[in-house]
1. Give the residues of the range 408-420 that are crowded, with 16+ Cβ neighbours inside 10 Å and either assigned to a loop (DSSP other than H, G, I, E, B) or of a type outside the set (A, V, I, L, M, F, W, C) (or both), sorted by residue number.
2. Does at least one position in the range 377-386 carry a residue that is of a type outside the set (K, R) and either under 17 Å from K473 (Cβ atoms) or modelled with pLDDT of 90 or more (or both)?
3. Write out, first by first residue and then by second, each pair whose Cβ atoms fall under 8 Å of each other, whose residues are 6+ apart or on separate chains, and whose first residue, in the range 435-456, is in a strand (DSSP E or B) while the second is surrounded by 15 or more Cβ atoms within 10 Å (Cβ to Cβ) and acidic (D, E).
4. Considering G83, G52, G107, which residue is modelled with pLDDT under 85 and surrounded by fewer than 19 Cβ atoms within 10 Å (Cβ to Cβ)?
5. In the range 340-376, which residue that is surrounded by 20 or more Cβ atoms within 10 Å (Cβ to Cβ) and over 16 Å from the mean Cα position of the chain (by Cα) is modelled with the highest pLDDT?
6. Kindly list the number of the only condition in (1) crowded, with 16+ Cβ neighbours inside 10 Å; (2) farther than 23 Å from E318 by Cβ that fails for F449.
7. Do the conditions hold for T444, that is, is it assigned by TED's automatic domain parsing to the domain that holds N477, more than 25 Å from I110 (Cα to Cα) and modelled with pLDDT under 90?
Amino acid sequence: MAGVRVNVNVGVLGHIDSGKTALARALSTTASTAAFDKQPQSRERGITLDLGFSCFSVPLPARLRSALPTSHPAAPETGPEPGEPQLQVTLVDCPGHASLIRTIIGGAQIIDLMMLVIDVTKGMQTQSAECLVIGQIACQKLIVVLNKTDLLAEGKKQAAIEKMTKKMQKTLENTKFRGAPIISVAAKPGGPEAPETEAPQGISELIEVVKKVKSMQMFHMPVTSAMQGDRLGICVTQFDPKLLERGLVCAPESLHTVHAAIISVEKIPYFRGPLQTKAKFHITLGHETVMGRLMFFSPAPDNFDHEPVLNTFDFSREYLFQEQYLCKDLEPGSTGSDQATEKAGQATEGLCPRQQWALVEFEKPVTCPRLCLVIGFRLNADIHANMCRLAFHGILLHGLEDKNYTESLLPKLRVYKLKHKHGFVERVIDDYSVIGRSLFKKETNIQLFVGLKVHLSTGELGIIDSSFGQSGKFKINIPGGLGPESKKILTPALKKRGRASKGEMAKQEEGAERQEPAQHVTLSLSFKRYVFDTHKHMVQSP
């Protein structure tokens with residue numbers, strides 16, 4: 001086991017000017033070329049613009065040594081005691097500026113643990129909250145670091161730290177990070193201009209917490225293999241690094257370029273407003289952020305309670321089109337819930353499915369692995385507004401690699417809309433046929449609906465037989481014949497017309513228009529129309 005080095009990636013996230021880079025510098029013993037805002041643009045602007053990488057090592061705790069596989073790769077013997085197994089902590093310093101959220105999300109996808117840095121004098125701020133949301137999506141462990149304790153008045157410091165600790169505990173109470181450690185530090189006592197001789201405060205306590213989490217990586221050491229999330233330096237002969245801004249290194253066939261994707265979707269509850277079909281969002285997946293247009297769909301209403309399937313998508317099933325994502329936080333009777341339910345054609349009384357999906361069509365092709373994390377957000381939202389820009393997250397279940405996917409692949413996606421039309425029986429022809437009206441517009445090609453079943457409010461089943469005249473009326477066959485009750489409602493009006501004069505008939509027609517709705521025999525027509533069916537067929541259940 002001598003020379004073993006186990007790595008854990010720790011993301012340093014928080015609001016701008018909370019002291020993230022100072023904290024990373026105070027913790028680190030080794031820095032990469034991208035650490036501590038070394039880029040000229042970062043130095044000019046005085047803020048972190050891209051991910052920074054640095055690391056420190058401590059002896060591997062005994063409780064972690066027994067879990068190591070015997071085939072664990074070895075690194076050269078380094079550290080305070082040569083040959084002793086090491087726990088290496090790679091710090092991923094993320095920007096804090098709101099406009100760099102895509103970079104923050106990219107960094108969050110390679111971390112094992114997150115340090116949420118809070119300015120103890122200010123508490124939770126807008127980007128602090130967004131980073132907490134990202135953490136809930138992207139990682140399982142969290143440490144809260146209350147930084148800048150040196151700015152607190154000496155006599156009131158402990159009370160202020162305890163007050164902020166309680167506030168943070170309450171903030172985390174309803175998240176998966178409930179009970180997370182909260183450590184107070186002063187990463188750069190005296191501020192950025194203070195001399196380097198000023199020693200950081202509270203760092204040793206923080207390192208004791210970090211030691212509890214493990215992962216594998218070789219950092220700035222000779223290695224024979226690497227894995228996703230590793231900070232790896234590669235020497236490439238006869239290659240000008242200035243020609244490459246950002247790229248991907250992968251095993252053959254592990255990455256795919258997709259033009260669209262089917263993703264699982266879960267709305268982030270802090271996002272205000274609906275997630276609507278046809279809406280565009282900024283979408284991060286893999287290490288890219290692109291614009292994408294969404295179409296939401298769910299299981300058929302009878303399958304709303306089915307157990308979610310997380311890692312696959314079944315093209316053999318039918319799915320119900322949604323005008324918008326159905327939210328659990330929309331109660332029956334609220335506008336959003338009622339409209340979504342009505343447009344989807346559901347009789348679900350405000351119920352929501354346990355799983356929902358979306359078809360995302362990207363404005364440009366994206367290269368990413370299958371089952372990668374997907375995060376949607378509004379990058380164009382006001383960064384100064386007190387609102388969460390993160391809208392939804394999910395997993396990429398199926399990527400559409402053919403650029404002609406609308407013709408080759410989408411017809412296999414059986415997403416349907418439920419259509420409902422309502423009309424009236426105008427009059428009876430005989431015991432087995434009636435004339436209907438108000439179901440179609442005058443210009444509708446009724447021939448497309450011939451053979452479809454309609455239901456009469458009196459209980460009979462009818463079949464559309466043909467159009468009748470030029471005003472959108474149609475003939476309906478009643479295979480089982482009209483029932484006695486239906487005849488009582490419809491036939492007397494017909495007989496009265498036969499005995500009346502033209503003037504009397506006009507009065508009767510005026511009176512018929514003023515009849516109570518209960519006297520009418522209504523017609524209802526329901527059918528499915530598949531969204532991606534090029535022939536626009538209408539389908540009814542047997």
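1. So in the range 408-420, the residues crowded, with 16+ Cβ neighbours inside 10 Å come out as 409-410, 413-418.
If the condition is that a residue be crowded, with 16+ Cβ neighbours inside 10 Å and either assigned to a loop (DSSP other than H, G, I, E, B) or of a type outside the set (A, V, I, L, M, F, W, C) (or both), then L409, L413, R414, Y416, K417 are the ones that fit.
2. Of all residues in the range 377-386, those of a type outside the set (K, R) come to 377, 379-386.
Filter once more, keeping what is either under 17 Å from K473 (Cβ atoms) or modelled with pLDDT of 90 or more (or both): 377.
Looking for residues that are of a type outside the set (K, R) and either under 17 Å from K473 (Cβ atoms) or modelled with pLDDT of 90 or more (or both), one finds at least one in the range 377-386, hence yes.
3. So the pair list comes out as I435/E426; G436/E426; R437/E426.
4. G83
5. If we take residues in the range 340-376 being surrounded by 20 or more Cβ atoms within 10 Å (Cβ to Cβ) and over 16 Å from the mean Cα position of the chain (by Cα), then V366 is modelled with the highest pLDDT.
6. Here F449 meets the rest and fails (2).
7. The answer is yes for T444.
A quick yes/no check of all residues on (1) under 30 Å from Q125 (Cα atoms); (2) among the hydrophobic types (A, V, I, L, M, F, W, C); (3) assigned to a strand (DSSP E or B):
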| residue | (1), (2), (3) |
| --- | --- |
| I375 | yes, yes, yes |
| L379 | yes, yes, no |
| H384 | yes, no, no |
| F392 | yes, yes, yes |
| I395 | yes, yes, yes |
| H398 | no, no, yes |
| K403 | no, no, no |
| T406 | no, no, no |
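The values are calculated or read from the model by the stated rules, or taken from the named source; none is laboratory data. Bear in mind that the values here come from a model prediction, so they are computed numbers and not experimental data. As a convention, Cβ positions derive from the backbone with ideal geometry for all residues, glycine included, and neighbour counts pool all protein chains shown.
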